[in-house]
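Student: I have a structure here, written as structure tokens, and I will follow up with some questions on it.
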Amino acid sequence: MKHCGTQRLETERLILRKFVVEDAEPMYKNWASDDDVTKYLIWQTHSSPKITESIIEEWVNSYGDDKFYQWAIELKEIGEPIGSISVVHMNEAASMVHVGYCIGKAWWNKGITSEALKAVMDYLFDTIEVNRVESRHDPRNPNSGKVMKKCGMKYEGTLRSSDRNNQGICDASYYGILRNER
């Protein structure tokens, strides 16, 4: 893999970019403080803007690492972030990355998450030269799987009681795509 970190990506409706400290307020307001957004995630709903600010500061400090991939999903129409997408796990020996994402409830079912995932997948395949991109979701959250399918990922199976999220121990449905399958 040819690591070059989080780079600015642009689609028709979105700018995918590095977070800045000033994003704490919109992140808190648009998704991090919403229990519906975090229901099936592994991180807790933020109880205060200070928590959001602290996390963003960690991300900003990590951008110097070329193996760190964390994007703010900024909707051009409103000029502020409405979600995030990142590489949450990497296996360099297998040239594989695992991508996670979330987006504010007001923007669900509008194709925005699929648009962001597709742009990130293209970047990871074409620039970083990964061989495999994968993701997973709790089967009780089927819309997340629909995002993966829409981006060309194939369902590979469900591991029973193999994960934990804000609902407790859960199943994990895995999807993946190889560079030569695009």
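The values are calculated or read from the model by the stated rules, or taken from the named source; none is laboratory data. The structure presented is a predicted model; accordingly, all values stated were derived computationally and were not measured. Glycine gets a Cβ as well: all are built from the backbone with ideal geometry, and neighbour counts include every protein chain shown. For the accessible areas, the whole protein counts, side chains as well, though only heavy atoms, and no ligand, DNA or RNA atoms are used. Shrake-Rupley method; radii C 1.70, N 1.55, O 1.52, S 1.80 Å.
Student: Which residues, taken from segment 1-22, are under 10 Å from residue 74 (Cα atoms) and either among the small types (Gly, Ala, Ser) or out of contact with any Phe, Trp or Tyr (no Cβ under 8 Å at 6 or more places or on another chain) (or both)?
Tutor: 10, 13, 14, 15
Student: So, one more: Of all residues in segment 163-182, count the ones that are assigned to a strand (DSSP E or B) and open to solvent by 60 Å² or more (accessible area, probe 1.4 Å).
Tutor: In the first step, residues of segment 163-182 are kept if they are assigned to a strand (DSSP E or B); the result is 163-165, 168-178.
Checking the rest, the ones that are also open to solvent by 60 Å² or more (accessible area, probe 1.4 Å) come to 164, 169.
Residues that pass the stated criteria total 2.
Student: Just give me the residues in segment 115-131 being open to solvent by 50 Å² or more (accessible area, probe 1.4 Å) and either polar (S, T, N, Q) or farther than 23 Å from residue 74 by Cβ (or both), in sequence order.
Tutor: From segment 115-131, those open to solvent by 50 Å² or more (accessible area, probe 1.4 Å) are 118, 126-127, 129, 131; that's our starting set.
Scanning segment 115-131 gives 127, 129, 131.
Student: Scan segment 10-25 residue by residue and report those that are in contact with an Asp or Glu (Cβ under 8 Å, 6 or more places away or on another chain) and under 27 Å from residue 127 (Cβ atoms).
Tutor: 11, 12, 13, 14, 15, 16, 17, 21, 23
Student: Further question: Filter segment 53-81 down to the residues that are outside any loop (DSSP other than H, G, I, E, B), closer than 24 Å to residue 114 by Cα and of a type outside the set (Asp, Glu) and list them by number.
Tutor: From segment 53-81, those outside any loop (DSSP other than H, G, I, E, B) are 53-62, 70-75, 80-81; that's our starting set.
Filter once more, keeping what is closer than 24 Å to residue 114 by Cα: 56, 59, 70-75, 80-81.
If the condition is that a residue be outside any loop (DSSP other than H, G, I, E, B), closer than 24 Å to residue 114 by Cα and of a type outside the set (Asp, Glu), then 56, 59, 70, 71, 72, 73, 75, 81 are the ones that fit.
Student: Something else: Would you say residue 82 is farther than 17 Å from residue 41 by Cα, buried (at least 17 other Cβ atoms within 10 Å of the Cβ) and touching a strand residue (DSSP E or B) at 6+ places or on another chain (Cβ under 8 Å)?
Tutor: On the way: farther than 17 Å from residue 41 by Cα: no; buried (at least 17 other Cβ atoms within 10 Å of the Cβ): yes; touching a strand residue (DSSP E or B) at 6+ places or on another chain (Cβ under 8 Å): yes.
So residue 82 does not fit the description; no.
Student: Moving to a separate point now. Just the residues that are in contact with a Lys or Arg (Cβ under 8 Å, 6 or more places away or on another chain) and part of a helix (DSSP H, G or I), please, taken from segment 123-149.
Tutor: The initial filter retains those residues of segment 123-149 that are in contact with a Lys or Arg (Cβ under 8 Å, 6 or more places away or on another chain), namely 125, 127-132, 141.
The answer is 125, and nothing else.
Student: Could you list all residues from segment 23-52 that are surrounded by 15 or more Cβ atoms within 10 Å (Cβ to Cβ), assigned to a helix (DSSP H, G or I) and in contact with a Ser or Thr (Cβ under 7 Å, 6 or more places away or on another chain)?
Tutor: 24, 27, 28, 32, 38, listed by residue number.
Student: Right, residue 93: in a helix (DSSP H, G or I) and either in contact (Cβ under 8 Å) with a residue 24 or more places away in the chain or open to solvent by less than 60 Å² (accessible area, probe 1.4 Å) (or both) or not? Outline the logic, then answer.
Tutor: Numbers: in a helix (DSSP H, G or I): yes; either in contact (Cβ under 8 Å) with a residue 24 or more places away in the chain or open to solvent by less than 60 Å² (accessible area, probe 1.4 Å) (or both): no.
No; evaluated as a whole, the condition is false for this residue.
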